[in-house]
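**Student:** Quick one: the structure is below, and I'll ask about it shortly.
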């Protein structure tokens, strides 16, 4: 079975995050960048399946700047068979529509039985990319799974909703996305790190994939305005002089907090 795992390089959750006030894009150089944790969990799902099924090929796929090579190498060190990196200057600031189109083109070129992704990235939190990719690939999808079982012909899982749980299934080939309810990813060991240096690493451009980011038939979104978050002002201190309750109630009402 050939499993493609979608991974993403994102700003470290514990680091500084800033927007370029001219372009509206995230300043990637403002802090450390890491492999998104939900992507690592997605890879762990594939690795766990491969532990029990020897003939499993796992390809990590990412659309990222050229500098993201190191984070993709980490995925190889964890146990992925090979990596595909889509890097092109024309993808700077790509919206979900263009991202899905590019990933679908790369998936079609690579070939697949199953695509595994995280449900929400920690930077964009769009939550729709897996479904968009499935639509472009014309295959079924099962999203936001809190548990998953992969078979040779079908994938099944549980989705938690506000009203309970749903059991979903999809025949292969298919696309699935998982939540943080799935186990943490394994850490790369020394053997994996050394083996990663010899694994196949392909890089594609937009021209390689036949995708035109400026095509008129493809909807694109742009940032029309961006502003820096205002500095936090001083809080209101209420001193109890016998009327603290009334002052607090007035504050809550004025700020529409009740």
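The values are calculated or read from the model by the stated rules, or taken from the named source; none is laboratory data. Note that the coordinates shown come from a computational prediction; the quantities given were computed from them, not determined experimentally. Cβ coordinates were reconstructed from backbone atoms using ideal geometry, including for glycine residues, and neighbour counts include every protein chain displayed.
**Student:** All but one of (1) crowded, with 21+ Cβ neighbours inside 10 Å; (2) over 23 Å from residue 185 (Cβ atoms); (3) over 13 Å from the mean Cα position of the chain (by Cα) hold for residue 145, so report the exception by its number.
**Tutor:** The failed condition is (2).
**Student:** Mind listing whichever residues of the stretch 122-133 are outside any helix (DSSP H, G or I) and in contact with a strand residue (DSSP E or B) (Cβ under 6 Å, 6 or more places away or on another chain)?
**Tutor:** 122, 123
**Student:** Here is a further query. Exactly one of (1) surrounded by 18 or more Cβ atoms within 10 Å (Cβ to Cβ); (2) over 23 Å from residue 78 (Cβ atoms) is unmet by residue 150. Its number?
**Tutor:** The number of the failed condition is (2).
**Student:** Taking into account only those residues within the stretch 2-53 that are in a loop (DSSP other than H, G, I, E, B) and surrounded by 18 or more Cβ atoms within 10 Å (Cβ to Cβ), which is modelled with the highest pLDDT?
**Tutor:** Applying the filter and picking the extreme gives 7.
**Student:** Of (1) loosely packed, with under 10 Cβ neighbours inside 10 Å; (2) within 26 Å of residue 133 (Cα to Cα); (3) free of Cβ contacts under 8 Å to residues at least 40 places away in the same chain, residue 212 satisfies all except one. Which?
**Tutor:** (1)
**Student:** Oh, and also: Show me the helices (runs of 4 or more DSSP H) found entirely inside the stretch 176-258 where at least 1 residues are under 35 Å from the mean Cα position of the chain (by Cα).
**Tutor:** Once the helices (runs of 4 or more DSSP H) in the stretch 176-258 are filtered for at least 1 residues that are under 35 Å from the mean Cα position of the chain (by Cα), what remains is 190-196, 206-209.
**Student:** Go through the stretch 90-145 and count every residue that is farther than 20 Å from residue 168 by Cα and touching a helix residue (DSSP H, G or I) at 6+ places or on another chain (Cβ under 9 Å).
**Tutor:** Count: 23.
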